[in-house]
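A short worksheet on the structure shown next.
The values are calculated or read from the model by the stated rules, or taken from the named source; none is laboratory data. Small disclaimer: the values here were computed from a predicted structure and weren't measured. In this analysis, Cβ positions are derived from the backbone assuming ideal geometry, glycine residues included, and neighbour counts consider all displayed protein chains. Keep in mind that these areas ignore ligands, DNA and RNA; they rest on the heavy atoms of the full protein, side chains included. Shrake-Rupley method; radii C 1.70, N 1.55, O 1.52, S 1.80 Å.
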Amino acid sequence: MLANPKHIFTEATKFRILVVMFKHYTLENNGISMLANTSSGSFQQLLGNIIVYQPDLKYLDESLKSILESFVSNQNSRLFCALADLFEWYRAGMSYNILQLTTKHINSIFKRPPYEERPYTHELTYAQRLIMIYHVLNCEPWETLVNAYDSLYRKMYNRSWPNKSKFLRSEGDGTS
């Protein structure tokens, strides 16, 4: 087994996996659980696509299945479920408290603006990649999520979120 299995995927493959997850999430109202099921057609299709883009991974066979399943499950809970919980909280009028672990995941998503380089590595965080995917594929819900996080930040810290504009497409990446 590999020392750190998450490093087997290239940057391009990580983006591809997140795009597929994003499409399952938005089109099927968090249908990612099907994608994490190794016997589902969606999982098998994703696995096949990864091997097309990274043929050197074919030798991993069953190990690749468990690595991909773990990757999809982790990103689902850390990113997509956290954003769904934030959205639901915001839509419900911020009338209840968000779970501490969910808040931790939400804070990590909004920790680093999408187009900011980390000082110790040039690799993007998964959250940064997901934000870029939102910017390209469906920016309107992203703006709602940014507003929701701004409200959560105000509730937690009793002040405005200073980095809000960095997470909006028009400000964050130089586009309008």
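What do you reckon, is Trp89 at pLDDT 90 or above, within 20 Å of Tyr25 (Cβ to Cβ) and surrounded by 13 or more Cβ atoms within 10 Å (Cβ to Cβ)? Lay out the reasoning, then the answer.
Details: at pLDDT 90 or above: yes; within 20 Å of Tyr25 (Cβ to Cβ): yes; surrounded by 13 or more Cβ atoms within 10 Å (Cβ to Cβ): yes.
Against the criterion (at pLDDT 90 or above, within 20 Å of Tyr25 (Cβ to Cβ) and surrounded by 13 or more Cβ atoms within 10 Å (Cβ to Cβ)), Trp89 qualifies.
Taking the stated definitions as given, is Arg112 modelled with pLDDT of 85 or more, open to solvent by 10 Å² or more (accessible area, probe 1.4 Å) and charged (D, E, K, R)?
Numbers: modelled with pLDDT of 85 or more: yes; open to solvent by 10 Å² or more (accessible area, probe 1.4 Å): yes; charged (D, E, K, R): yes.
So Arg112 passes the test.
With the checklist (1) under 24 Å from Asn37 (Cβ atoms); (2) buried (at least 19 other Cβ atoms within 10 Å of the Cβ); (3) free of Cβ contacts under 8 Å to residues at least 60 places away in the same chain in hand, flag the one item Phe167 doesn't pass.
(1)
Looking at (1) closer than 27 Å to Asn37 by Cβ; (2) touching a residue at least 60 places away in the same chain (Cβ under 8 Å), which is the only condition Ser77 fails?
The number of the failed condition is (2).
Looking at (1) more than 22 Å from Cys81 (Cα to Cα); (2) modelled with pLDDT under 85; (3) assigned to a helix (DSSP H, G or I), find the lone condition where Glu140 falls short.
That leaves (1) as the condition not met.
Filtering region 56-70 down to residues that are open to solvent by less than 50 Å² (accessible area, probe 1.4 Å) and under 19 Å from the mean Cα position of the chain (by Cα), which residue is nearest to Ser40 (Cα to Cα)?
Filtering region 56-70 for residues that are open to solvent by less than 50 Å² (accessible area, probe 1.4 Å) and under 19 Å from the mean Cα position of the chain (by Cα), the one nearest to Ser40 (Cα to Cα) comes out as Leu68.
Which ones in region 92-107 are open to solvent by 50 Å² or more (accessible area, probe 1.4 Å), modelled with pLDDT under 90 and either in a helix (DSSP H, G or I) or under 23 Å from Ala36 (Cα atoms) (or both)?
Those that are open to solvent by 50 Å² or more (accessible area, probe 1.4 Å), modelled with pLDDT under 90 and either in a helix (DSSP H, G or I) or under 23 Å from Ala36 (Cα atoms) (or both): Gln100, Leu101.
Regarding Lys166, is this residue of a type in the set (D, E, K, R) and not in a loop (DSSP other than H, G, I, E, B)? Lay out the reasoning, then the answer.
On the way: of a type in the set (D, E, K, R): yes; not in a loop (DSSP other than H, G, I, E, B): yes.
So Lys166 passes the test.
Of everything in region 36-55, what is open to solvent by less than 60 Å² (accessible area, probe 1.4 Å) and without any contact (Cβ under 8 Å) to a residue 40 or more places away in the chain? Give them in sequence order. If you could, list the steps in order and put the result at the bottom.
First, pick out the residues of region 36-55 that are open to solvent by less than 60 Å² (accessible area, probe 1.4 Å): 36, 38, 40-43, 46-48, 50-51, 54.
Answer for region 36-55, where residues must be open to solvent by less than 60 Å² (accessible area, probe 1.4 Å) and without any contact (Cβ under 8 Å) to a residue 40 or more places away in the chain: Thr38, Ser40, Gly41, Ser42, Phe43, Leu46, Leu47, Gly48, Ile51.
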